[in-house]
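Everything below concerns the one structure shown next.
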Amino acid sequence: MPPSHPQTSDAGVLDSGRSRKDGLDVLRALAIVSVLCFHAPEAVRRALPEVLRASFEVGWVGVDLFFVLSGYLIGRQVFAMEDSAPLGLQLRTFWLKRWMRTLPLYFVVLAFYALKPWLFGTPFVGGGWHYLVFLQNYVGVRDFVQSWSLCVEEHFYVVLPLLAFGLRARSAPAWAWLMPLLLSLGARAWEVLTPTPGLLPAEQWVRLQWRTHLHLDGLAVGVFLAKTAPRWQRWPQAWRSACGAMGALLLGVTLAGCVPLLPEWGGVWIFAGLAVGFGGLLVATEAVALPVPLRGLVYQAAVLSYGTYLWFWVVARVFDRRNLTLGNWGLDLLAFITVTHGVAWVTYVAVERPALRLRDRLLAWQASRAEARDGVVAPGR
């Protein structure tokens with residue numbers, strides 16, 4: 001989305017996913033496939049059977065699932081870090097982990113967009129300095145549109161550790177981590193009550209959707225679930241399955257009730273409903289174990305989800321402009337997904353994996369320096 005923007009775990013190679021949780025990979029795969037279906041090439045969307053059209057049109061909710069996953073995974077990292085380490089070391093460790101995971105590929109893709117006028121003769125519409133500092137979701141996104149969710153994620157990475165470590169908020173009660181959800185809910189209500197004159201409904205929906213302070217719901221629910229994980233992970237499977245069922249029901253009610261009114265009060269409530277609904281699904285599926293043959297396929301989709309999310313817009317535009325089609329919408333969709341994953345695999349091997357290896361070396365060097373200087377064990381070691 002996406003989100004979140006999508007996150008994978010920090011696995012360094014594609015063939016070593018044993019330490020991962022299958023259930024979270026299932027949710028990642030579901031999120032990225034939903035986003036790809038929503039942004040499928042025009043040849044696919046034109047030929048879709050009517051029975052599938054509505055489900056493809058709400059595929060954008062995959063970004064909100066990514067936000068919940070990101071809040072949960074990053075929250076688990078924050079709550080698991082050593083309390084004894086100095087504040088500076090905690091912050092450096094957290095930011096090094098996150099930014100070496102997300103920034104290298106982001107800037108490679110951003111460079112591709114910036115070079116489009118010379119490579120393909122097409123402009124980087126609306127491109128500017130704001131893409132370098134993740135402010136495009138406030139300034140306006142006309143190209144590299146999916147990067148708005150990366151802005152939300154990167155702002156989250158800055159603020160969360162400052163709250164958790166700087167203000168020692170890790171000891172705050174679990175309910176306190178839901179306050180950002182209420183903040184965004186109130187901010188969206190204010191936007192609806194005080195609309196900018198002359199805005200079209202689609203423009204009002206964008207204003208409700210893209211800006212960070214209006215879209216904290218999923219991240220807040222994810223961090224809340226991370227804080228409370230030691231409790232709900234001990235629940236019987238029947239209780240967790242009930243959470244999943246209630247989450248699925250809430251998702252259905254939220255979409256049915258809010259989608260027709262997105263520029264107005266539907267847009268106020270929808271992200272909160274999606275966040276809580278996806279949170280219920282996370283509780284239900286987190287401990288799921290997949291059969292070995294299926295595990296590999298889901299794992300590949302999950303690991304490549306970040307690159308897939310960053311590249312899908314380019315691939316879709318190539319399909320549209322070249323009018324690429326195999327004559328069947330199902331085959332066209334499969335081709336689009338396969339090509340996008342293929343591009344993501346190339347950049348995973350060429351960019352993401354080397355960056356992760358460099359990050360691990362930097363973390364080891366930082367830890368050894370801290371231990372030699374102060375006898376302090378670095379967070380995460």
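Enumerate the lysines that residue 21 could reach by cross-link, defined here as Cα to Cα under 21 Å, with residues fewer than 8 away along the same chain left out.
In chain and number order, the partners are 97, 227.
Per residue, how large is the accessible surface of the range 87-128? Use a 1.4 angstrom probe and give square angstrom.
Numbers: 1880 Å² over 42 residues.
Roughly 45 Å² per residue, with all protein chains present.
Report the paramagnetic label zone for residue 170: residues of the range 221-245 whose backbone N is under 15 Å from a point 7 Å from Cα along the Cα-to-Cβ axis.
Inside the label zone: 226-230.
Classify the range 273-322 from the C-alpha gyration tensor, please: rounded if a/c falls under 1.5, else prolate or oblate depending on whether a/b exceeds b/c.
Details: a/c = 3.56, a/b = 1.57, b/c = 2.27.
It is oblate, given that a/c is not under 1.5 and a/b is not larger than b/c.
Can you find, among 294, 338, 272, the residue farthest towards the positive end of the dipole of the chain? Put +1 on the C-beta of Lys and Arg, -1 on that of Asp and Glu.
294
In whole percent, how big is the carbon plus sulfur part of the accessible area of the chain, probe 1.4 Å, protein atoms only? Write out the running numbers ahead of the final one.
On the way: 11720 of 17250 Å².
Solvent-exposed carbon and sulfur of the chain make up 68 percent of the total.
So what is the relative contact order of the range 158-292, in percent, for Cα pairs below 8 Å that sit 6 or more residues apart?
Numbers: 141 pairs, mean separation 38.4, N = 135.
The normalised contact order for the range 158-292 reaches 28 percent.
So how far apart, in nm, are the two label points at residue 120 and residue 200 if each is 7 Å from Cα heading toward Cβ?
Reported label-point gap for residue 120 and residue 200 is 2.3 nm.
Modelled label-to-label distance, residue 231 and residue 248, 7 Å Cα→beta-carbon offset: nm?
Roughly 2.6 nm, to one decimal.
Please get the size of the charge dipole for the chain, origin at its Cα centre, with Cβ charges of +1 on Lys and Arg and -1 on Asp and Glu, quoted in debye to the nearest 20.
Computed about the Cα centre, the dipole is about 800 debye.
Compute and list, largest first, the equivalent-ellipsoid semi-axes of the chain from the alpha carbon gyration tensor, each √(5λ) rounded to a whole angstrom.
Values: eigenvalues 194, 130, 103 Å².
Semi-axis lengths for the chain are 31, 25, 23 Å.
The values are calculated or read from the model by the stated rules, or taken from the named source; none is laboratory data. Worth saying up front: this structure is predicted, and the values here are computed from it rather than measured. Neighbour counts are summed over all protein chains in view; Cβ atoms, including those assigned to glycine, are modelled from backbone coordinates with ideal geometry. Side chains included, ligands, DNA and RNA excluded: accessible areas come from the protein's heavy atoms. Shrake-Rupley method; radii C 1.70, N 1.55, O 1.52, S 1.80 Å.
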